[in-house]
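Visitor: The structure's right below; bear with me while I get my questions together.
The values are calculated or read from the model by the stated rules, or taken from the named source; none is laboratory data. What you see is a predicted model; the values in this text were computed from it and never measured. Note: ideal-geometry Cβ built from the backbone for every residue, glycine included; neighbour counts use all protein chains shown. Side chains are part of the model used for accessible areas, which takes the heavy atoms of the whole protein and leaves out ligands, DNA and RNA. Shrake-Rupley method; radii C 1.70, N 1.55, O 1.52, S 1.80 Å.
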Amino acid sequence: MISQGVANKTLLVEVYPLCLQLIDARDDKQYAIRISKKATVRDLYNQVSVLLKLDEEKFRIWDYFNKKKSSVLAVADQDLEDANLQMDQDILVEVEQHLWPSGLGLDSTGNGLALVPVEPARSSITIAGGPTQSNGYSSGYISNFYEGNALGSPLTGAEDGYNLSKMAKGDRGGLSGLQNLGNTCFMNSSIQCLVHTPSLVEYFLHDYSAEINKQNPIGMQGELAIAFGELLRKLWSSGRAPIAPREFKTKLARFAPQFSGYNQHDSHELLAFLLDGLHEDLNRVKFKPYIEIKDATGRPDEEVADECWEIHKARNDSVIVDVCQGQYKSTLVCPVCGKVSVTFDPFMYLSLPLPSTVTRSMTITVFYGDGSALPMPYIVTVPKHGLYKDLFQALGTACCLNSDELLLLAEVYDHGIFRYLVNPLEQLFTIKDEEHIVAYRLPKKQEGFTRLEIVHESKENGVRKRLGTPLVTFIAEAAQKSEDVQNAVQMVLSPLLKVKVCHPSNCIHTSMEDGFASENDIDGLFNAGNSGCRLRNQSVDKMELDQLSNGMDSFILSLTDEKGMHCSSIENDFHFRQDQFMRVILDWSDREYGMYNISFLEDLPVVHKTTTKKIRSEAISLFSCLEAFLKEEPLGPDDMWYCPTCKEHRQATKKLDLWRLPEILVVHLKRFSYSRYLKNKLDTFVNFPTHNLDLRNYVKSNVAARSHTYELYAISNHYGGLGGGHYSAYAKLSKENRWYHFDDSHVSSINEDEIKTSAAYVLFYQRVQEKRVDESSQVHSSSG
């Protein structure tokens with residue numbers, strides 16, 4: 001067990017300890033060392049001492065990341081995670097030489113000496129903008145020390161090839177990649193988007209030391225802001241050598257343990273934490289005042305919104321608030337008393353749902369248990385993350401279910417009933433699109449009745465096989481004999497009698513607004529052969545049925561168990577108990593094939609027929625996502641609102657409106673859905689503007705002091721599924737007016753017309769001033 005985090009410590013099982021590749025400088029021999037990342041540098045020296053049979057004071061260990069000497073590991077009580085050691089990286093062991101300056105390495109007591117250089121300079125300039133030296137030591141001592149290293153080259157401050165001496169003004173920067181430290185592409189993608197945000201670049205390349213808030217109890221004592229600022233400066237230095245963000249990852253894992261280790265994470269979740277963490281570390285408010293919020297009742301929205309924003313700014317004032325935070329209006333209405341509650345809340349980003357994720361269409365075939373009509377497929381629309389009861393209700397409405405009837409749903413697999421769907425609280429995602437679901441209309445009153453399940457079989461070339469769809473009906477309370485079973489089978493098969501053709505494809509019902517669907521709506525759901533039969537209002541009456549069946553031999557029926565393994569013939573003297581379940585096998589002979597059209601029991605439609613061909617013209621627009629986000633909708637049963645008038649929790653309706661837009665607008669497309677049972681990703685193509693994103697029609701504030709038009713400058717992309725996906729970023733260098741693809745260490749240019757893909761996950765927009773809007777509209781007549 002290891003402890004993770006600073007403020008909120010959690011204990012975790014360290015399933016995968018730190019693995020280091022040890023290189024012996026004497027003969028270049030390599031060893032694999034496994035040790036806890038929470039072990040100290042002293043523990044590492046002890047393990048190496050035993051492995052190489054050396055006294056601890058006779059050797060020193062280098063952080064040898066990327067085969068370059070980064071720093072001597074000499075702070076004995078520092079744990080290896082804080083020393084920025086990464087999984088599978090190299091460490092170098094040098095045995096004592098006469099060239100060593102005195103005091104390097106651990107002393108005989110195992111304590112680090114004061115003169116040991118712990119880590120090289122992290123930046124060529126301080127956060128105040130001036131030059132800095134490594135750990136405050138004289139440049140002469142440092143240079144002399146490194147000149148004496150047989151295996152080393154001049155130290156670089158990026159741990160990976162970034163030379164601290166090369167940050168000359170005027171050189172082109174911002175084109176360095178970030179090394180993948182082990183499933184850290186999610187982090188690299190978010191960082192590249194942020195470090196290419198013009199306002200943040202300008203801020204962190206200048207002196208921000210006075211704004212670091214080390215007193216904030218919910219901040220990170222400025223450490224996250226400093227680590228991010230130094231990483232940004234490295235990325236904007238001259239050259240294109242990739243940077244290894246080891247120190248930043250260490251700080252991130254320290255303050256956000258959920259991102260520690262080497263698992264894949266969500267780039268948006270990291271972005272949300274990072275923006276909030278930077279805000280708290282740079283909050284200009286050292287002591288947050290307590291301010292009571294006044295009731296908005298009766299006052300103009302403009303007055304209440306400005307008051308709420310001033311209260312928010314009195315407690316939260318940072319460059320992140322200045323640049324990235326906006327304000328929306330939230331309106332709640334009680335469905336009982338009509339109480340209206342209006343609040344104005346800040347937002348850091350907009351998480352927009354993809355409209356296609358809200359609902360799903362399902363095709364269910366309904367069978368009549370009394371044999372009064374043909375089986376009919378119905379298309380219903382249900383909440384994508386709804387329950388079985390939502391499907392029961394939608395299907396009951398679509399098929400005009402009577403008050404004395406119920407629907408018994410079942411999954412049909414291999415011509416048998418695989419399972420019954422009876423639990424109304426079961427999640428709908430357990431029903432897959434490729435499955436075949438049927439519903440049986442049965443009477444609500446079932447006490448004393450026997451439920452009869454009929455499975456169809458036939459014999460071909462001496463081999464018995466199942467066919468068609470099982471039928472379900474009920475046998476009356478007084479029935480107990482074999483002839484009662486025969487009558488029940490005859491009744492439920494009566495719609496299949498070959499009399500007076502009526503093809504069902506012309507009669508398919510749907511839950512669409514017009515109540516019917518054309519043949520193209522349910523293409524090929526049933527291949528009825530050369531004949532059909534009547535619908536409910538044209539069904540064969542009892543007299544006609546008696547005439548048709550007069551003189552017929554009985555059906556060949558066999559009683560079987562659930563698995564269909566044990567069969568016993570139902571003879572004339574067969575009796576059964578009431579109030580039980582019975583499954584029988586109906587043997588289809590030439591006589592049955594001649595009288596009944598079994599094609600109506602075959603070719604069941606799947607729940608949802610998906611097409612593999614993706615057509616971009618069917619893509620959804622960013623505006624439709626925004627409208628789905630702003631749409632009025634009832635709160636969920638687990639998110640009830642306490643009505644101050646009713647003094648009870650109510651399922652109120654909620655409506656969001658944009659009120660104040662930020663300088664930098666971050667738009668998160670909710671491609672991932674998580675629930676207790678299911679994780680899913682939607683690869684729908686969202687058509688978003690690259691230029692002239694005009695939001696004026698969505699902003700309810702009457703204040704028109706600022707532009708509501710935006711231009712895209714960065715995208716965080718996610719490719720693949722949830723388990724093995726990959727993140728990258730597109731970012732625009734505004735001075736060049738050119739887009740680049742940042743894929744971990746690899747950076748390449750990309751055309752603007754190539755950045756729109758179905759992988760777009762988080763979009764970054766910058767406000768365009770009115771003058772620039774007019775100029776841009778002349779060049780770009782349409783949005784992106």
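Visitor: Using the eigenvalues of the Cα gyration tensor, what equivalent ellipsoid semi-axes result for region 274-336 when each is taken as the square root of five times the eigenvalue, whole Å, largest first?
Guide: Ellipsoid semi-axes (Å, largest first): 26, 14, 11.
Visitor: Measuring from label point to label point, each 7 Å out along Cα→Cβ, what is the residue 95 to residue 314 span in nm?
Guide: 7.1 nm
Visitor: For residue 29 and residue 57, FRET efficiency with R0 = 22 Å and r from the beta-carbon atoms, rounded to 0.05?
Guide: Efficiency computed from Cβ-Cβ geometry: 0.55.
Visitor: With r as the distance between the Cβ atoms of residue 425 and residue 218 and R0 = 41 Å, compute the FRET efficiency 1/(1 + (r/R0)^6) and round to 0.05.
Guide: Between residue 218 and residue 425 the formula returns 0.60.
Visitor: Further question on the same structure: Quick one: net charge of residue 663's neighbours, Cβ under 13 Å, K/R +1, D/E -1?
Guide: Its environment carries a net charge of 0.
Visitor: Going 7 Å from the Cα of residue 389 toward and past its Cβ, which residues in region 620-661 have a backbone nitrogen under 15 Å from where you end up?
Guide: In region 620-661, the label zone of residue 389 (backbone N under 15 Å from the point 7 Å along Cα→Cβ) covers 636-639, 651.
Visitor: With the full set of protein chains in place, find how many percent of the accessible area of region 18-95 is carbon and sulfur; take the probe as 1.4 Å.
Guide: With neighbouring chains kept in place, the figure for region 18-95 is 44 percent.
Visitor: Also, I was wondering about something else. When we measure straight from the Cα of residue 735, which lysines land under 26 angstrom away, once same-chain ones fewer than 8 places off are left out?
Guide: Once the sequence-local lysines are set aside, what remains near residue 735 is 166, 169, 234, 756, 771.
Visitor: Still on this structure, I have one more. What percent does the relative contact order of region 18-95 come to when contacts are Cα pairs within less than 8 Å and at least six residues apart?
Guide: Over region 18-95, the number comes to 43 percent.
Visitor: Taking the Cα centre of region 316-426 as the origin and placing charges on Cβ (Lys, Arg +1; Asp, Glu -1), which of 330, 349, 319 is farthest toward the positive end of the dipole?
Guide: Toward the positive end, the furthest listed residue is 319.
Visitor: Taking 8 Å as the Cα distance limit and 6 or more residues as the minimum spacing, I'd like the relative contact order of region 286-358 as a percentage.
Guide: That works out to 28 percent.
Visitor: Per residue, how much accessible area does region 18-95 show when a 1.4 Å probe rolls over the protein heavy atoms, in square angstrom?
Guide: Here the per-residue accessible area is 40 Å².
Visitor: Moving on to the next point. Give, to the nearest whole percent, the P(r) tail of region 18-95 beyond 18 angstrom, counting all Cα pairs.
Guide: Here the tail beyond 18 Å accounts for 28 percent of pairs.
Visitor: Using a 1.4 Å probe over the heavy atoms of the protein chains, calculate the carbon and sulfur portion of the accessible area of region 371-503 as a whole percent.
Guide: On the way: 3060 of 5880 Å².
Carbon plus sulfur share of accessible area: 52 percent.
Visitor: So how far apart, in nm, are the two label points at residue 698 and residue 631 if each is 7 Å from Cα heading toward Cβ?
Guide: 1.4 nm
Visitor: Could you give each residue of region 585-594 its phi-based ³J(HN,Hα) in whole Hz, using Karplus coefficients 6.51, -1.76, 1.60 with θ = phi - 60°, and x for Gly or Pro?
Guide: Residue by residue, region 585-594 yields 9, 9, 8, 8, 10, 4, 5, 5, 4, x Hz.
Visitor: Determine which lysines satisfy two conditions relative to residue 389: a Cα distance under 20 Å, and not lying fewer than 8 residues away in the same chain.
Guide: 432, 444, 445
Visitor: Just grab the label-to-label distance for residue 642 and residue 3, each label 7 Å out from Cα along the Cβ direction, in nm (one decimal).
Guide: With each label point 7 Å from Cα toward Cβ, the separation is 3.6 nm.
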